[in-house]
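Participant: Submitted below is the structure of interest, expressed as structure tokens.
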Amino acid sequence: MRRAPWLLLFLAALAVIGPQLLVPLALPAGTLHAPVTVSLGEPATWPYAFGALVCHQRPDRSFALADNQLPVCERCLAIELGMAAAFAGAVAISPPSGFFASLGAFLPRWFRTPAGVLAIGLVLMLPIVLDGGLQLVTPYVSATPQRVLSGLLYGIGQGGLAIGIIAWLGAMVRRRPSERQ
């Protein structure tokens, strides 16, 4: 598959992450802490509105830049960074069409089977399930390193899933109409 779709996906990830890092740096120190009152007339609040759609924005679980809380928590930021890393990898290697073929391009030869691709995907996503599940059913509370690492691995796995689906759809579109049935 050509590099253009992967580059667009990577640029879209940067368009989501960039404002989340730049807005807190651009404002006076200590002026933004979630929940932020969102106003269409104040573009600096827009990343916080987006963050509220996908994240709890708890101050005790969020990084701050220039004493301004980021629009998403540590884990959500790590997920976004992991997805951006996966998309950057797709730009670098330009994976072939097809779900398993595209994801296998990222793996050593012995993992390039459908079972190997699925196993790697599960391994990448399992830490967030374990960490979140333990917090849900026990008094355990994960610390920043666990949240960041589990989020980063999950983001790479989730980005890989998006890459596989897009590569599969690309292969479907390129087939002749008679072959699609």
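The values are calculated or read from the model by the stated rules, or taken from the named source; none is laboratory data. Since this is a predicted model, take the numbers as computed values, not measurements. Cβ coordinates were reconstructed from backbone atoms using ideal geometry, including for glycine residues, and neighbour counts include every protein chain displayed.
Participant: Looking at (1) at pLDDT below 85; (2) under 20 Å from residue 13 (Cα atoms); (3) of a type in the set (Phe, Trp, Tyr), can you tell me which one residue 154 breaks?
Facilitator: So residue 154 meets the others, but not (1).
Participant: Tell me the residue from 29, 15 that is aliphatic (A, V, I, L, M), farther than 22 Å from residue 149 by Cα and assigned to a loop (DSSP other than H, G, I, E, B), please.
Facilitator: 29
Participant: Taking region 1-15 as the search range and keeping residues that are surrounded by 16 or more Cβ atoms within 10 Å (Cβ to Cβ) and at pLDDT 90 or above, which one is nearest to residue 172 (Cα to Cα)?
Facilitator: Looking at the filtered set, the residue picked out is 6.
Participant: Hey, which of the helices (runs of 4 or more DSSP H) in region 56-165, taking only ones fully inside, have at least 1 residues that are touching a residue at least 60 places away in the same chain (Cβ under 8 Å)?
Facilitator: 74-93, 99-104
Participant: I'd like to verify a number: residues in region 32-55 that are in a helix (DSSP H, G or I) and either β-branched (Val, Ile, Thr) or surrounded by 14 or more Cβ atoms within 10 Å (Cβ to Cβ) (or both), how many?
Facilitator: 10
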